[in-house]
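Each remark here refers to the structure printed beneath this line.
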Amino acid sequence: MLGRVGLNANIQGLMVAVGTVASLVACSGGSIALAAAGLEPQNFLVSELPAGEEPSVGLPLRPVAAVEESSLWPELVLPGDRQVLIQAINHSLTYLATPKAELDYQDYLVPGITRDRVWRSLQRLRQLVATSPNNQAFQAALRQEFVLYESVGADGEGTVAYTGYFEPQYRASAVPNAEYRYPLYRRPPGLESWPQPHPTRLELEGVDGLAGGQGDLAGLELVWLASRLEAFLVQVQGSAKLQLTDGTVMSVGYAGRTEYPYTSIGRALVEDGKIDLDSLSLPNLLAYFESHPEELDRYLPQNERFIFFREGDGGPPSGSLSVPVTAGYSIATDKSLMPPGAIAAIQLTLPQQTPQGDWVSQPTTRLVLDQDTGGAIQGPGRVDLYVGPGRHAGEVAGRINTSGRLYYLLLRP
């Protein structure tokens with residue numbers, strides 16, 4: 001999982017666009033249709049790894065001993081709407097039937113984890129989700145038929161940093177005018193043959209974000225937003241739904257990027273003493289730029305990576321496996337390390353809003369499908385959870401910034 005907002009938008013409007021608190025600080029990816037390219041979906045607040053930690057060396061997954069497994073199985077329950085999970089499983093099965101999946105698993109580095117085993121595991125899980133009469137029967141079957149592999153995490157001890165991403169929804173215009181001035185751009189023809197180094201964000205759109213029509217991006221404008229920060233946030237998330245001024249809805253998805261690493265504006269603000277690390281959150285970051293709009297010219301160009309878009313078909317966003325991602329059931333991980341399309345179990349605390357409007361942390365263990373990736377999602381210690389589309393999803397995603405555990409379920413050999 002996983003944009004930069006223009007400053008004239010109000011805070012509530014901006015919330016819709018933010019996704020991954022973690023990305024603000026350091027990520028780029030979450031991926032959504034964007035993941036495929038190493039986007040910054042996910043976390044635009046946080047960095048890929050906690051400061052001072054390096055990716056662990058060795059295999060990214062380790063088998064879990066039976067005595068350790070016994071504590072997880074009772075936590076895995078059937079969802080209230082089983083069909084949603086079944087649909088997510090079907091998307092993974094669609095991917096696993098492709099030549100790309102065969103290639104992806106050809107040299108997978110964890111012994112015993114193969115495309116065939118993942119395929120059979122998904123088929124059996126789908127059957128259990130559809131037919132288990134209750135949670136007890138479901139858990140008993142999992143315990144008897146499956147084994148667990150745990151991510152070694154960023155510290156080698158299983159600690160995984162979780163963030164959330166979502167699909168933003170903004171207002172936009174198909175034509176520029178005095179209000180809608182900040183474009184999203186199509187992929188330039190011949191991008192793959194652009195000489196290195198690629199132009200930076202500053203060189204492509206200028207310090208104020210309005211000079212794109214005078215250089216390499218001239219004529220590539222796809223749609224215009226009223227807020228520069230919102231346009232930036234769409235780049236962070238990699239896709240968006242746009243409510244056009246004529247009443248129609250347009251979806252945009254990832255189409256390519258320049259070859260620069262993602263730089264987090266959240267981390268830059270922390271390093272400059274503008275926001276305290278302990279109070280870094282999406283609402284606080286947006287509030288800072290709302291109060292200091294002139295700072296956009298300073299901080300947005302620091303992320304030299306630039307994202308290009310295509311018009312979508314209006315359907316749900318797709319992840320890096322070219323299948324739709326499902327709210328609450330799709331995660332993004334480093335696909336050079338984790339088994340693509342596989343069943344996973346996430347264990348963390350998730351934000352939940354009370355009827356009174358307060359936010360509380362809810363311990364959560366849930367089955368998910370590993371269907372996405374992102375440029376900021378690197379190493380075995382990073383996971384981005386797709387939360388869904390729209391404003392509320394953005395509020396939830398912006399509050400996911402916690403540590404937890406990550407497990408994969410596979411049929412016994």
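The values are calculated or read from the model by the stated rules, or taken from the named source; none is laboratory data. From a predicted model like this one, the values you see are computed outputs, not experimental measurements. Please note: Cβ atoms are built from the backbone with ideal geometry, for glycine as well, and neighbour counts cover all protein chains shown. Only protein heavy atoms, including side chains, enter the accessible area calculation; ligands, DNA and RNA are left aside. Shrake-Rupley method; radii C 1.70, N 1.55, O 1.52, S 1.80 Å.
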Roughly speaking, what is the stretch gain from residue 412 to residue 144, that is 0.36 nm per residue apart minus the C-alpha to C-alpha distance, in nm to one decimal? 95.6 nm
Distance between modelled label sites at residue 177 and residue 81, nm, 7 Å Cα→Cβ extension: 3.6 nm
Round to the nearest 0.05 the FRET efficiency obtained for residue 67 and residue 287 when R0 = 51 Å and r is the Cβ-Cβ distance. 0.60
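Subtract the Cα-Cα distance of residue 120 and residue 276 from 0.36 nm times their separation in residues, and report this length gain in nm to one decimal. Numbers along the way, then the final one.
Details: separation 156, 0.36 × 156 = 56.16 nm, distance 4.79 nm.
Length gained, residue 120 through residue 276: 51.4 nm.
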Tell me the volume per residue, in Å³, of the convex hull enclosing the alpha carbons of region 90-154. 119 Å³
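Using the Cα centre of region 238-281 as the reference point, and only Cβ charges (+1 on K/R, -1 on D/E), how large is the resulting charge dipole? Debye, rounded to the nearest 20. Before the final figure, lay out the partial values.
Values: 4 positive and 6 negative charges, 42 e Å.
Using Cβ point charges on Lys, Arg, Asp and Glu, region 238-281 gives about 200 debye.
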In whole percent, the fraction of accessible protein surface over the chain that belongs to carbon or sulfur atoms, probe radius 1.4 Å, stands at 50 percent
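Treating only the Cβ of Lys, Arg, Asp and Glu as charged (+1, +1, -1, -1), what charge dipole size does the chain show about its Cα centre? Round to the nearest 20 debye.
Numbers: 30 positive and 44 negative charges, 243 e Å.
Computed about the Cα centre, the dipole is about 1160 debye.
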Eigenvalues of the alpha-carbon gyration tensor of region 174-305, times 5 and square-rooted, give semi-axes in Å, largest first, of 25, 20, 14
Sorted peptide list for 92-103, 331-342, criterion being average Cβ within 10 angstrom, highest first: 331-342, 92-103
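What 222 nm value per residue comes from the helices of the chain, counting each DSSP H run with n ≥ 4 as -39,500 (n - 2.57) and dividing by all residues, nearest 500 deg cm²/dmol? Don't skip to the answer; put the middle values down first.
Working: 13 runs with 108 residues, N = 413.
-7000 deg cm²/dmol, from helical runs alone.
If you count only protein heavy atoms with a 1.4 Å probe, what accessible area per residue comes out for the chain, rounded to a whole Å²?
Details: 15920 Å² over 413 residues.
With all protein chains present, the chain gives 39 Å² per residue.
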List every residue whose amide H lies under 5 Å from the amide H of residue 256, counting only residues 5 or more places away in sequence or on a different chain, with H placed 1.01 Å from N in the peptide plane. 308
Would you compute, for the Cα atoms of region 79-226, the largest minus smallest coordinate along each principal axis and list the three values in descending order, in whole Å? 64, 36, 34
If I stretch the segment between residue 208 and residue 194 completely, what's the gain in nm (0.36 nm per residue apart, minus their alpha carbon distance), one decimal? 2.7 nm
Percentage of interatomic Cα-Cα distances in the chain larger than 33 Å: 29 percent
